[in-house]
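Below is one structure; the comments refer to it alone.
Values quoted throughout were computed directly from the atomic coordinates according to the rules given, and no laboratory measurement underlies them. Values in this document were obtained by computation on a predicted structure and should not be read as measured data. So basically every Cβ, Gly included, is an ideal-geometry build from the backbone, and we count neighbours across all protein chains shown.
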Amino acid sequence: MWSNNPQKEFDKLLKTVEKNEVVDALVSGSDPADNLDMLKLAYDFAFEAHKGQNRVSGEPYIIHPLATAQKLAEMKLDITTIIAGLLHDVPKDTDKTIEDIEKNFGHDTVKLVAGITKLGQLKYRGMERYAENLRKMFVAMSDDIRVILIKFADRLHNLKTLDALPPEKQFRIAKETLEIYAPIADRLSIGKIKGELEDLAFKYVYSEDYKWINKIIPGEYRAKERYLEKIKDEVRKKLAQSNIKINEISLQGRTKHLYSLYKKLLRPEINRDISRVYDLIALRLIVPTVTDCYSVLGILHSMYRPMPGRIKDYIANPKPNGYQSLHTTVFAEDGEVVEFQIRTNDMHDLAEYGIAAHWNYKETGGKLNTRNMKWLNELVEWQKQIKDNDQFLQTIKFDIFQNRIFVFTPKGDVIDLPEGATPIDFAYYVHSNLGDKCVGSKVNDQLVNLGYQLKSGDIVEIIIDKNRKAPNPDWLEMAKTSVAKSKIRAGINRNKDPFKLLKNIKIIK
Ligand code: MN
């Protein structure tokens, strides 16, 4: 819990940053002392600026920016981001200005603080009236991804202190979290933050179901937990006979992510019956090397019979967001089904913090340039073209706030697309040329229509005609993603050359 003692909280922050900095220094040879001095200056500056202010909950205001910065430090973000977290409410709520911050902390910090301030304070009244804000958010993100990370940390602390606000405000803020922030965190594959945002918001948006789920969980959960503790001991003993060092073996409960369990319970095939949720708890093993991961998998399969079709090698075939692990579901004693997840420490960090892990901000200045983040840059390009807010929202709902599927190229590369996407979307996602020259498609070796609805795991092959000049306007109906639609339009326009058209006209006598 947060105390009312800012100095104590700042000491905690210093300690967390110090630990990160020492690790950083080992890698880059930089001097941690400079950064810690800067952090102290930022704290004094924020402390002075917010002096005399209290939050609705009654605690001194500075506790909030401190909590925001602490979260960013725990996410192992760079010092500039942590300082910006300390200063994020200064221009909005105090006499100090953006210029004051620039003078004291330089250009990089002020860019982040200004980014947060610009996101605006628009009240959430449903996605329909939120288009302008979403546009701002995506532009800010593509400019510097750290802005949205600060926003997440800010929102997390606001949710933790939501009880102090009147009920309608609680509902509005929690709903915005579930409908906007959590899906974005998910899309950036920051699973840990997504889960925290959802679980904190859950009880304010669906309070009755929140009570219901807390009532039904304990019984089911404890029975499974006792059983898995037994399995855990068996596995530990068996692995002790090998040379593999186990860094961690732990139970991973879905109860840690209550909201995602809730969504699962609402699926028609589960129909609110918790006994039908098989992966209520999984066993997670963290080992030093990739080779160890495969060795552990082999040992587990020698102990228990694996369930066919449930061995997933996300190490050889990472998910598009970079997620790596081995998953297997086995039949343990008495036919009980148990899921295992096996990974290295690096893979674990990535699974928890996604793009926030191992991100070299100093080199990239927060710019997104990895292949996995291509979608965000394309989205920003595209949203500049679309002036109509309704059309913008329709597509954004599809591109971002929709479940994703993972399909494969014939060479085995993973492509992630929104649910409902078609081979046309796939073709344009891979390359404009592949889209423009496309004449047909095969899914899992079967010829399918270009408007066919793809499913996760499909292997998609695009058949092309090298002489094809332009996309077919009918494809606009088949394409579901903004990327494909805008590329089809561009392709059609390029070929609207009047002389070309003339040449193609058959003269009817
Ligand atoms: Mn704030």
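So for each of 60-71, 237-248, 217-228 I average, over its residues, the number of other beta carbons within 10 Å; can you give me the resulting order with the highest mean first?
The densest-packed peptide leads the list: 60-71, 217-228, 237-248.
What are the ³J(HN,Hα) values, in whole Hz, obtained from phi via the Karplus relation 6.51 cos²θ - 1.76 cosθ + 1.60 with θ = phi - 60°, for each residue of segment 50-60 in sequence order, with x given for Gly and Pro?
Each residue's phi maps through the Karplus curve to give 8, 4, x, 8, 10, 7, 4, 5, x, 6, x Hz.
Would segment 81-205 count as rounded, prolate or oblate if I go by the C-alpha gyration tensor, calling it rounded below 1.5 in a/c and otherwise prolate when a/b exceeds b/c, oblate otherwise?
Here segment 81-205 falls in the prolate category.
Arranged from highest to lowest average of other beta-carbon atoms within 10 Å per residue, in what order do the peptides 86-96, 416-426, 275-285 appear?
Final packing ranking: 416-426, 86-96, 275-285.
How many nm is it between the label spots at ALA114 and GLU477, if each spot is 7 Å from the Cα in line with the beta carbon?
The answer from the label model is 4.8 nm.
Which of LYS15/LYS192; LYS136/LYS384; LYS169/LYS203 have a Cα-Cα distance over 18 Å?
Cα-Cα > 18 Å for LYS15/LYS192; rest within.
Taking 0.36 nm per residue of sequence separation and subtracting the Cα-Cα distance, how much length would be gained by fully extending the chain between ASN214 and ILE246, in nm to one decimal?
Gain on extension, ASN214 to ILE246, equals 8.2 nm.
Rank-order 452-458, 342-348, 478-484, 187-193 by packing density, defined as the average count of other C-beta atoms within 10 Å over each peptide's residues, highest first.
The peptides rank, most packed first, as 478-484, 187-193, 342-348, 452-458.
Tell me the label-point distance for the pair GLN53, VAL22, using the 7 Å Cα-to-Cβ offset, in nm and rounded to one decimal.
Going by the 7 Å Cα→Cβ label model, 3.4 nm.
With a ≥ b ≥ c the root eigenvalues of the C-alpha gyration tensor of the chain, is it rounded (a/c under 1.5), prolate (a/b larger than b/c) or oblate?
oblate
Which trypsin sites (Lys or Arg not before Pro) in segment 118-183 sit in a loop by DSSP (not H, G, I, E or B) and have at most 12 other Cβ atoms within 10 Å of their own Cβ?
Here the sparse-neighbourhood loop sites are LYS123, ARG125.
Between ALA33 and ASN389, what length comes free when the chain is fully extended (0.36 nm per residue of separation minus the Cα-Cα distance, one decimal in nm)?
Contour length minus the Cα-Cα distance gives 123.3 nm.
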